[in-house]
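Visitor: The structure's right below; bear with me while I get my questions together.
The values are calculated or read from the model by the stated rules, or taken from the named source; none is laboratory data. The structure displayed is predicted, hence computed values, not measured ones. A quick note on method: Cβ atoms are made from the backbone with ideal geometry, for glycine too, and the neighbour counts reach across all protein chains shown.
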Amino acid sequence: MRGRDRAGGIVDALRFPYLNDAAAMLGAGYAGADAIDAAMTLGCGYPTGPIADLDRLGLDRAVAVLRALYEETREPAFAPAPLLEEHVTAGRPLR
């Protein structure tokens, strides 16, 4: 399902800024991975937290989608969080 002619469609345009914000919070030391995931699973009823979702999805894939969305829109919310870039370069998950 695509909205207008946007890379990634509606779901990616909504989902990836959320995932990116969670990674930015983790990178800034705002909260740990478990606390971020618990906040969204317990507090919002999401089936999985954003950090677990990023690791399941694959950070390389998440960064690729964010880069594509950012290149198309230049919206800051789509610029990959530095922590994501660092972990992709290092080849390790967020947890």
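Visitor: Cβ contacts < 8 Å: first residue over 23 Å from Ala35 (Cβ atoms), restricted to segment 50-71; second residue modelled with pLDDT under 95 and part of a helix (DSSP H, G or I), any location; separation 6+ or different chain. Result?
Guide: Correct list of pairs: Val65/Asp12; Leu69/Asp12; Leu69/Ala13.
Visitor: Something else about it: Do we find a residue being among the hydroxyl-bearing types (Ser, Thr, Tyr), at pLDDT 95 or above and farther than 17 Å from Arg95 by Cβ anywhere in segment 16-25? I'd like the intermediate steps shown before the answer.
Guide: Here is the first cut: in segment 16-25, the ones among the hydroxyl-bearing types (Ser, Thr, Tyr) are 18.
Then keep just the ones that are at pLDDT 95 or above; that gives 18.
If we keep only those that are farther than 17 Å from Arg95 by Cβ too, we end up with 18.
Looking for residues that are among the hydroxyl-bearing types (Ser, Thr, Tyr), at pLDDT 95 or above and farther than 17 Å from Arg95 by Cβ, one finds at least one in segment 16-25, hence yes.
Visitor: Another question, then. I'd like to check something: does segment 30-39 contain any residue that is modelled with pLDDT of 95 or more, surrounded by 13 or more Cβ atoms within 10 Å (Cβ to Cβ) and among the hydroxyl-bearing types (Ser, Thr, Tyr)?
Guide: Within segment 30-39, not a single residue is modelled with pLDDT of 95 or more, surrounded by 13 or more Cβ atoms within 10 Å (Cβ to Cβ) and among the hydroxyl-bearing types (Ser, Thr, Tyr).
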